[in-house]
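Shown next, in structure tokens, is the structure this report addresses.
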Protein chains: 2
Amino acid sequence: MQNLSKNQQIIFDLIDKSPEPLKAYSILFSVQKRGIKAPLQVYRALDKLVEIGKIHKIESRNAFIACQNSSCQISKATAFSICESCEKVTEINNSNLSKYLTCFKDKNGMKYNKYNLEFFGLCKKCVSKKS
Amino acid sequence: MQNLSKNQQIIFDLIDKSPEPLKAYSILFSVQKRGIKAPLQVYRALDKLVEIGKIHKIESRNAFIACQNSSCQISKATAFSICESCEKVTEINNSNLSKYLTCFKDKNGMKYNKYNLEFFGLCKKCVSKKS
DNA sequence: ATTAAATTGTTATAATATAACATTTTGTAA
DNA sequence: TTACAAAATGTTATATTATAACAATTTAAT
């Protein structure tokens, strides 16, 4: 596995340390003190980090999270749980699920090589708050 | 089920007739002749149509498609196949899959009430073109 | 008729993302 | 060790997607 470039490393470190998904412009704001001044610098690093599987994009939130599974692998099978109250996002690492979806074949005869799944609901904490 | 308002109906008809997912600003362009002039008018109709389950948002594409299943139900369990070559999007209606995902429970103890799944790959046509 | 909820109209602006072009750095093979 | 290609960077401008805020109108149920 290749090493990260300077900008990629700066941005990966930030995302990796964050307890919550980060948005591109919030990343931009955070790394301006480190010399990254333009949106495109952020987006290019994000694209690369996604491509090599170090981070994932949470599509429904336009935000990025560090990979929690095997941090160097290209990610073709991603699943997340998202709390609609506190917005906590967790990567799901469940071999039964990934096996089921990787092997899934629909009647349309399409050959899948990738999937992304997002579950929505209330996390434990938020469920108990509401009761 | 309630009737659609004027703007909602105009925009739903457009999406429903389209063979491919439509983006908000392309919708705006198409309906300007019918008196809808501002982005917000489009987004408000889209929000409502999504809420009542007449259309779905394809999150990875920021585009909207008419529901192919039971067009009046609130959609809490959506799955799509997306061809990465021709961008054709099809709603997957597979009871085994929806049953599996609706019942899925992860070890985090979170209570899911909704999911969205997007499969990516090559459709039949595009697979044969490449060979 | 009254009234609350939903919808519409409108202007402005926020948030997300890419185009285009020039330069520099990095890895690798002659 | 130089030369070369690929990757990464820097920069300005702009495209695309989405919402805020406020006023007016329509709809549907009393």
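Quick look at the values:
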item: Among residues of the range A:84-97, those that are surrounded by 15 or more Cβ atoms within 10 Å (Cβ to Cβ), without any contact (Cβ under 8 Å) to a residue 60 or more places away in the chain and over 15 Å from B:K105 (Cβ atoms), counted; result: 1
item: The one condition in (1) within 12 Å of the chain's Cα centre (by Cα); (2) of a type in the set (S, T, N, Q); (3) in the same structural domain as B:G121 (by TED's automatic domain parsing) that B:N62 fails to fulfil; result: (3)
item: Residue list for the range B:43-72, filter: among the aliphatic types (A, V, I, L, M), away from chain A (no Cβ under 14 Å) and within 24 Å of A:A63 (Cβ to Cβ); result: B:L46, B:I55, B:I65
item: Residue check, A:L101 within 15 Å of DNA strand C (Cβ to nearest atom), crowded, with 19+ Cβ neighbours inside 10 Å and within 30 Å of B:K105 (Cα to Cα); result: no
item: Those residues of the range B:1-54 which are under 19 Å from B:S75 (Cα atoms) and in contact (Cβ under 8 Å) with a residue 60 or more places away in the chain, in sequence order; result: B:M1, B:P21
item: Hits in the range A:37-63 - residues which are within 9 Å of DNA strand C (Cβ to nearest atom), open to solvent by less than 20 Å² (accessible area, probe 1.4 Å) and more than 29 Å from A:S128 (Cβ to Cβ); result: A:V42, A:L46
item: Candidate set: the range B:98-119, residues that are without any contact (Cβ under 8 Å) to a residue 40 or more places away in the chain, within 8 Å of chain A (Cβ to nearest Cβ) and within 17 Å of the chain's Cα centre (by Cα); chosen: the one nearest to A:K99 (Cα to Cα); result: B:L117
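The values are calculated or read from the model by the stated rules, or taken from the named source; none is laboratory data. Keep in mind the model is a prediction, meaning the values are calculated, not measured. We place every Cβ from the backbone using ideal geometry, glycine too, and count neighbours over all the protein chains shown. These accessible areas exclude ligands, DNA and RNA; they are computed on the full protein's heavy atoms, side chains included. Shrake-Rupley method; radii C 1.70, N 1.55, O 1.52, S 1.80 Å.
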